[in-house]
1. List the residue pairs whose Cβ atoms are under 7 Å apart, where the first residue sits in region 73-101 and is more than 16 Å from residue 54 (Cβ to Cβ), the second is surrounded by fewer than 17 Cβ atoms within 10 Å (Cβ to Cβ) and of a type outside the set (Ser, Thr, Tyr), and the two are 6 or more positions apart or on different chains.
2. Suppose the filter is within 30 Å of residue 93 (Cα to Cα), within 16 Å of the chain's Cα centre (by Cα), crowded, with 19+ Cβ neighbours inside 10 Å and outside the structural domain of residue 16 (by TED's automatic domain parsing); does residue 193 pass it?
3. Looking at 151, 222, which one is in a loop (DSSP other than H, G, I, E, B), farther than 23 Å from residue 81 by Cβ and basic (Lys, Arg)?
4. Considering each of 105, 32 in turn, give the residue that is part of a strand (DSSP E or B), among the charged types (D, E, K, R) and closer than 18 Å to residue 213 by Cα.
5. Of the residues 231, 197, only one is in contact (Cβ under 8 Å) with a residue 60 or more places away in the chain, of a type outside the set (Val, Ile, Thr), out of contact with any Phe, Trp or Tyr (no Cβ under 7 Å at 6 or more places or on another chain) and not in a loop (DSSP other than H, G, I, E, B); which?
Amino acid sequence: MQSTGETSTRVVVAVLTYRRPRDLAEVLPALRAQAAAVRPPARVLVVDNDPDAGAAAAVAALAATPGAELGHVHEPRPGIAAARNRALAEAAADDLLVFVDDDERPAPGWLAHLLDLHARTGAAGVVGPVVSRFEGPLDPWIADGRFFERRRLPTGTPVAVAATNNLLLDLRQVRAAGVGFDERFGLSGGSDTLFTRALVAAGLRILWCDEALVTDVVPAARATRDWVLRRALRSGNGWSRTSLELRPGLAARVRLSAAGAVRAGAGAGALLAGALVRRRPWRARGARTLARGLGMVGGAWGWTYVEYARPAARSATRAAAGRPPTSAAARR
């Protein structure tokens, strides 16, 4: 793996954060340890999306201790797309950028596995699996719906879309494609979906690395029915909106509407059947499928579900929804 051989590859691991000091305190030592184990050592960069730059002092204190290089940059513009673009900009002198979330914990060898598959394949992206760990007992509705069980694929499998919660990017290929994170999706979510779909549409490869595992620490506030259904609504909404960015037009809107309507109908049927025969898994999964389908239909006709809007930014976010994306240069 990458940790056993010397190369000249410059690697930065970017952690995007927003007011999660406890998570940073847990994840940064683990990331620094893995960054120090590869050759040459990688550096770790915290992109702080808190308007008050609340992570700065804690990162500075940790950076003063022995370990891999640790930096902090403040991105005050609201929205995860702005933070992702700041990471791209800060990696201008690097070859590889690895995104990981602040509420995730890397398994042993995680970074080395990502780097190894990239070294062997030259892929534009390498994405790994995410498994969930919960802070408390699960609502039976959540457990029966298996909503936090994510896909697992054989290593080397090409994928058409990926999130940035466990993603390596070959920056040379990304820059050549001129792809950045569309900041119109910054507070609604979906900028990583559009970004990775655009890379694949440009002919680049994103490969799965099943050994590069991270664990998502799920707080009680997210292990709820309301959160699951809102996330499904946003996911469907984002799929339609990103699809229209890649292939606009009335025909595409009609196709997405039809697909969403079919999904919503199937979800409603499963929800009803589950209620009639008292099968909680049917009810749970039917409700989520219904929510995703409704989100798809809404997104096909211009409705945007803003999941991450901060109270002071809601009106600005609505006004910005029709603004064109930033230029490729600015997004890098």
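The values are calculated or read from the model by the stated rules, or taken from the named source; none is laboratory data. Because the structure is a prediction, the values reported are computed rather than measured. With ideal geometry, Cβ positions are generated from the backbone for all residues, glycine too; neighbour counts draw on all protein chains shown.
1. What qualifies is 93/10; 94/10; 95/10; 95/172.
2. Values: within 30 Å of residue 93 (Cα to Cα): yes; within 16 Å of the chain's Cα centre (by Cα): yes; crowded, with 19+ Cβ neighbours inside 10 Å: yes; outside the structural domain of residue 16 (by TED's automatic domain parsing): no.
In short, no.
3. 151
4. On inspection, the qualifying residue turns out to be 105.
5. Only one candidate qualifies: 231.
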